[in-house]
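The structure appears right after this line, and notes come after that.
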Amino acid sequence: MHNATAGPAFEGEFRIEEDRPSRATAMLVLYGEADLHSAPELRQRLRSTIDDGATNVVVDLSETAFLDSTSLGVLLGGMRRLREHDGQIRLVVSRPDIRRIFEITLLDRIFPLHETREQALAASADGVV
């Protein structure tokens, strides 16, 4: 059995915490490095959240140390699935280095980017695109 405390912890350790402010709205907070190795977990969590009835998903990247193209692809796939159900993914991107990734790839034109969770949740509640 793997003991998470046995090995050295590193800042980039990936995990996802979920909060459901309402049946239709879910917030996923990503911690650590969202990369090739963590992308399957992110994909599965997005799928299960959408399958569970969420049409507004807020993904908080404030605690994300690194984001690669694989994870960007997972977020795009989630966006496509949600749009089929008139839903939306909103991103909380408070770190300038992570925001820059969205600007360079022009994905800031696809995803609504917010500075805080409160802004993203308010926009979800208002139905603002």
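Taken together, the values in this text are just the output of simple stated rules run on the coordinates, not laboratory data. Just so we're clear, the structure is a prediction, and the values are computed from it rather than from any experiment. Cβ coordinates were reconstructed from backbone atoms using ideal geometry, including for glycine residues, and neighbour counts include every protein chain displayed.
Scan around Val59 for amide H atoms under 5 Å from its own, H built in the peptide plane at 1.01 Å from N, and keep only partners 5 or more places away or cross-chain.
Leu28, Arg90, Leu91, Val92
Using only Cα atoms, tell me the angle between helix 117-126 and the longest principal axis of the chain; keep it within 0 to 90° and round to the nearest 10.
That helix lies at roughly 30 degrees to the long axis.
Along the Cα-to-C-beta direction of Arg23, a point sits 7 Å from the Cα; which residues of the stretch 54-78 have their amide N less than 16 Å from that point?
Within reach of a label on Arg23: 54-56.
Longest exposed-loop-site-free stretch of the chain, with GluC sites (Glu not before Pro), DSSP loop and at most 10 other Cβ within 10 Å?
On the way: sites that count: Glu11, Glu84.
Between the exposed loop sites, the longest stretch runs 12-83.
Under the Karplus relation 6.51 cos²θ - 1.76 cosθ + 1.60, θ = phi - 60°, what is the ordered set of whole-Hz ³J(HN,Hα) values for the stretch 22-29, x standing for Gly and Pro?
My calculation for the stretch 22-29 gives 7, 4, 8, 10, 10, 10, 10, 9 Hz in order.
With labels modelled as points extended 7 Å from the Cα through the Cβ direction, what inter-label distance (nm, one decimal) is found for Glu118 paired with Asp86?
3.0 nm
Just want to confirm a number: the relative contact order over the stretch 15-121, from Cα pairs under 8 angstrom separated by 6+ residues, in percent.
Values: 169 pairs, mean separation 27.2, N = 107.
Computed value for the stretch 15-121: 25 percent relative contact order.
Using helices alone, what [θ] at 222 nm do you get for the chain, with -39,500 (n - 2.57) per DSSP H run of 4 or more residues, divided over all residues and rounded to the nearest 500? Walk me through the intermediate numbers first.
Values: 4 runs with 47 residues, N = 129.
It lands at -11000 deg cm²/dmol.
Consider a paramagnetic label point 7 Å from the Cα of Phe66 along Cα→Cβ; state which residues of the stretch 12-31 have an amide N under 19 Å from it.
Zone members listed by number: 12-16, 30-31.
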